[in-house]
Structures are given as C-alpha cells and as structure tokens.
1. Here is a list: F95, F81. Which entry is more than 27 Å from F163 (Cα to Cα) and either part of a strand (DSSP E or B) or of a type in the set (G, A, S) (or both)?
2. Which of the helices (runs of 4 or more DSSP H) contained wholly in the range 284-398 include at least 2 residues that are within 17 Å of the chain's Cα centre (by Cα)?
3. From the list I59, I10, exactly one residue is among the hydrophobic types (A, V, I, L, M, F, W, C) and either away from the ligand (no atom under 14 Å from the Cβ) or under 19 Å from G255 (Cα atoms) (or both). Which is it?
4. Of everything in the range 402-421, what is open to solvent by 30 Å² or more (accessible area, probe 1.4 Å) and either under 26 Å from S376 (Cβ atoms) or of a type in the set (F, W, Y) (or both)? Give them in sequence order.
5. Could you tell me whether A158 is of a type in the set (A, V, I, L, M), surrounded by fewer than 13 Cβ atoms within 10 Å (Cβ to Cβ) and under 17 Å from P272 (Cβ atoms)?
6. For G216, which of the numbered conditions (1) open to solvent by less than 30 Å² (accessible area, probe 1.4 Å); (2) at pLDDT below 95; (3) assigned to a loop (DSSP other than H, G, I, E, B) fails to hold?
7. For the range 159-179, enumerate the residues that are touching a helix residue (DSSP H, G or I) at 6+ places or on another chain (Cβ under 9 Å) and outside any helix (DSSP H, G or I).
8. Wholly within the range 428-533, which helices (runs of 4 or more DSSP H) include no fewer than the required count, namely at least 2 residues that are at pLDDT 95 or above and within 30 Å of L31 (Cβ to Cβ)?
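The values are calculated or read from the model by the stated rules, or taken from the named source; none is laboratory data. Just so it is clear, the model here is predicted, and its values are computed rather than measured. Note that we place each Cβ from the backbone using ideal geometry, even for glycine, and neighbour counts take in every protein chain shown. Heavy atoms of the whole protein, side chains included, go into the accessibility calculation; ligands, DNA and RNA do not. Shrake-Rupley method; radii C 1.70, N 1.55, O 1.52, S 1.80 Å.
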Amino acid sequence: MNVMSDTYYITTPIYYVNGAPHLGSTYTTTLADAMARYHRLYGEDARFLTGTDEYGDKIASLAAAAGEEPKQLADKVSASFRSMWERLGAQPDDFIRTTEDRHKLVVQHVLREIYDRGDIYFGEYGGRYCVGCERFYTEKELVDGRCPQHGTTPEYIAEQNYFFRMGRYQQWLIDTLTEQPDLVRPEQYRRELLAFLRDPLDDLCISRPKSRLTWGITLPFDENFVTYVWFDALLNYVSALGYPEGDLYARYWPGEQLVGKDIVKPHGIYWPCMLQAAGIPLFRHLNVHGYWTIGGVKGGKSDRAELQEAERLEALHLFRDPARLADLLGVDGMRYCLLREMSFGSDLDFTRDLFVTRYNADLAHDLGNAVNRTVSMIARYHEAAIPDPGSETPVDRDLRDAASAAPGKVWAHIQAMAPHLALGEALTLAQRVNRYLEEKKPWTAFKNGDHDSVATTLYYAAETLGIAASLLLPVMPTRMLELRQALGLGDQPPSASGGWGYLDPGTPTAREARLFPTIERDAPAPEAKRDAR
Ligand code: MSP
C-alpha cells in the first residue's frame, strides 16, 4: 500500500465559549483526534484542527452579565477548552480562535470576493431570531412558535442588513448532493438536507448592525456592520490553513468535516454555498454524528429532564465534567468507550453503567485477559522472550488469517467513518486469542513436553495481540504503547501494514501486563483529580 503522499485533514466544529467542554464536545474532539491518528497509522499525512467560536450576541450578553469584556471571557473559556483536550489525550495540530487576526483577515478577504462577484447585497429583513442558535427562523421551522433546539420564543427583529444570495446556489447544491451520494454521511442526513432543499432557499442574512452588536468582524465594505456568526465561524476551516496563499491550504484542503446533527444545516447548506461562491473546492465529506442524551434529553444544553433518580444525576455530573469520567475509566478507557459505544450518526443515552460495563467487558476482560495470559505464559514457559514459532496447524492458521485480515477491515471502517465498527473488529482479535488459548492449551502442551506447540501458540497469540495493539493505538495511545512494550516492540514505529511475522524471536518481553484493572460496578466515581493523569 503506497499512500505516503495522501493527505487527510479533519476538523471539529469550533466550540462556543459560552460554556465549558462536556461529554458531547469531548466525543467530537476525541473522534477527530482518533481519526487523524488512524490515518497516520495507515501512512497518511494527517492534520487535525479544533478551536473556539468567540463572536456573537450570545457571548457578548454573557460577558456583559458577568461584568466582563467579551474578549476576557473568550480568553478564559478558550483556554479551558485547550487544557481539557490536553487532559483528555487529544492532540490537535492547530487550535483556531475566531478572534485571531489570521482568521479575521481571511473572513474579510472572502467577504470582499463574494461581494465583488455580486453575491452579497444590502436589504431589509424581518424574522424571528434565536440567540441560542444565532440565526433567524422562518415561521415554518418553529414548533408552536418556539425554537426546536432551545424551546424559547425567538424575538421578532426587523433591520437592514447584508444578504448572501444563497438561493442562486440551490440547484447546484441539489445536483451535488445527488451526484455525490456519500458527500454527507450517514445517508439519513443527506436526505434531511435534500428534503429541506425542496422549498426555495432564502438568501442568508450575514451581518449585524454595529448599533446592535459590536462583538464581531467588521465587513470590509461597510464599517457600520459586523459579520453574522455563521459566515464568520465556518471560514475557520480554511483560515486555519492560511487560505488562500498558505502552504497548509494547498496541502490539506479539501478536508473532512465532523459535526453534530444540530448543525447540519449551516454545514450542509450555508457552507457549501459559501465555498462555491468563493470558488473554494467543496469539503470531502460532511460527517454527522448524533447526540449524547441523558434520560432522552440532549445532555449538553438542557435541564428539562426529570432528574430525580440518582443514576441520571450521576450521568449528568459525568457529562458535564468529562475529566471525572477520565478519572474513573482512565483517559484511554474513556476514549475507547466513547467511540465504541455510539454508532456513528445515531443518538445514545449516556449512563455511567453503560461505560463501566463496556470497559469491563472489552478492556478488562477480553483484551486484558488475552494480554495478561499471553505475556505471563511467555514469561513462564519461555523465559520472558518471544519464542521461535514451530510448525503451523489449521487452528494456528485460522488465527493468522484473522489477524492478517484485520488491518484491512479496520481501515475500511475508518474510511467509511464507522469508528464503532473499526473498534469492534480490532477487539475480535482479543476475543479470538482467548478462544485460541483455550483450544491450544499451551499449559497442557508444556506439561506434555510439546515445546514446538507451546512456541507456536505463544508466538501466534503475541503476534495477534501486537496487531490488535496497533489497530487500537489511535484510540488508546498510552495503554497500547504499554502493550507494545510488553511484547518487546518498544522502538519499532507502529504501522498497520507490517504484515505477519514482525515479532523477533528472542526479544525480551514483560513478566506481566495489567493494562485495564476491573472497575467495581457500584464504586463511586472518584472525585475530580484535576491534574492527575
Ligand atoms: N459554534 C458552533 C459551531 C461552529 S462550527 C463552524 C456550535 N458550537 S457548540 O459549542 O454549540 O457545539 C459544537 C458541537 O458540540 C456540536 O455540533 C456537537 O458536535 C457537539 N455537541 C454539543 N452537545 C452535544 C451532545 N449532547 N451530544 C453530542 N454532541 C453535541 O454549534
């Protein structure tokens, strides 16, 4: 496989600085981080961007209520996102803030280009404006006069503003979504967009008068107005690459966009039209994930659920403070459960029990046992060194075939943005090793003096676990590095295309490897240990 020259660029939405990171934003960030690591493992040149969205009414009024300057508030909250991602093991290559000059200059450049092409005009508009969503709603979109996301009654606002002629791009967008069936995935979200496009597409209001809001980027063609938040925010994906001249832009765009289902419309409608108007190539895919809910309610933004039960309260605490969940499961355990448990694209109700059960079954039991048994038997029967394999039986061969096929299967799932399936596939290797050991019974073979069989069995088990370690490394970087070290693979660069037979007989191995201690079902979640990893 020669993919060294392929590049991969993955982005998360940039997070509003009106609240702290929670499990929802942690999921998006962790997934983007793991995707970048997977693409590197498979030989690609990958880049991962996240950041914060700092302008708009919402932030301005929050800062005013706290008696702060908006920039002060943004500095504080943006820093808390950055340090939370570090704490939770995500390593973005870049972190963009919309208040940075590098972003502002690109927004103004693109606005000017689109304006000069005649796709931006000045007009009057009246509509219902939801501050939570930072956008106008049509009457049809409201549910009983209320915002479907926030349940609030948006205020009617009429004012003169600048508009982007989005309607001009409607047919082009319908054609594009029809011709590129996986442009937006999973499929249900493409259908949602196409359904929305059956009605005429309104032009998009892209400004606010400074008399109402100053916390934004000034329009390059009218200093009395600032840009509307979405027009500003969406451009972060290219401003962070130094569009239009930057080397990073030339190298990495078009990228993969990862978003939650609440913001499909801005990303699936406004953004492609903006790109097309500005002459920028379309993203590769818009990948849409579902909500983490608590008691059926979107956990990050609402308290509406009946939260009497202790379980729900606990879930809410953990949802709001992912560092506590990391204290409970370990950073790697939490990353694994997040990506394994949620089927990409669907919603999932979060409870502590869901994650503890998954952790215990997959990591403590299946993977942990396979590793622990293999490593301790190599220590006991082979003086803690990789054995030289003897002859191969059909049972050995089956394991070798499964292990050799796994990297290809995992890669296919990763490319299809199905991380839950990729992890399921990698985990079956651990389950197979446990079954294989039961079948081959190296402890009996050892007693019977069948050293050829013992050597083959332990070598095959170790090889298979080494492959599993590589395939799980992007999700559990710390623990899987420990596993690789236990198998004597410390200095070898991990790769998913190493093939069978990469373990060197005679290499020293660990005496024991206890990677994932079992978690008591009812043990209280540890109190937040902020700085302890
Ligand atoms: N600032 C905008 C995005 C601009 S991108 C150009 C925004 N920010 S946000 O902070 O409100 O939400 C960002 C993302 O957080 C959502 O798309 C989603 O990915 C994630 N989530 C927030 N709550 C969530 C859940 N309860 N569950 C899963 N993810 C959710 O929108």
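1. Details: F81 fails: either part of a strand (DSSP E or B) or of a type in the set (G, A, S) (or both).
Sole residue among the options that is more than 27 Å from F163 (Cα to Cα) and either part of a strand (DSSP E or B) or of a type in the set (G, A, S) (or both): F95.
2. Values: elements: 310-320, 322-341, 352-358, 368-382.
Per the criteria, 322-341.
3. On the way: I59 fails: either away from the ligand (no atom under 14 Å from the Cβ) or under 19 Å from G255 (Cα atoms) (or both).
After ruling out the rest, the residue left standing is I10.
4. S404
5. Working: of a type in the set (A, V, I, L, M): yes; surrounded by fewer than 13 Cβ atoms within 10 Å (Cβ to Cβ): yes; under 17 Å from P272 (Cβ atoms): no.
So A158 fails the test.
6. With (1) open to solvent by less than 30 Å² (accessible area, probe 1.4 Å); (2) at pLDDT below 95; (3) assigned to a loop (DSSP other than H, G, I, E, B) applied to G216, the lone miss is (2).
7. If the condition is that a residue be touching a helix residue (DSSP H, G or I) at 6+ places or on another chain (Cβ under 9 Å) and outside any helix (DSSP H, G or I), then Y162, F164, R165 are the ones that fit.
8. On the way: elements: 442-447, 451-472, 477-486.
Because the criterion is at least 2 residues that are at pLDDT 95 or above and within 30 Å of L31 (Cβ to Cβ), the helices (runs of 4 or more DSSP H) in the range 428-533 that meet it are 451-472, 477-486.
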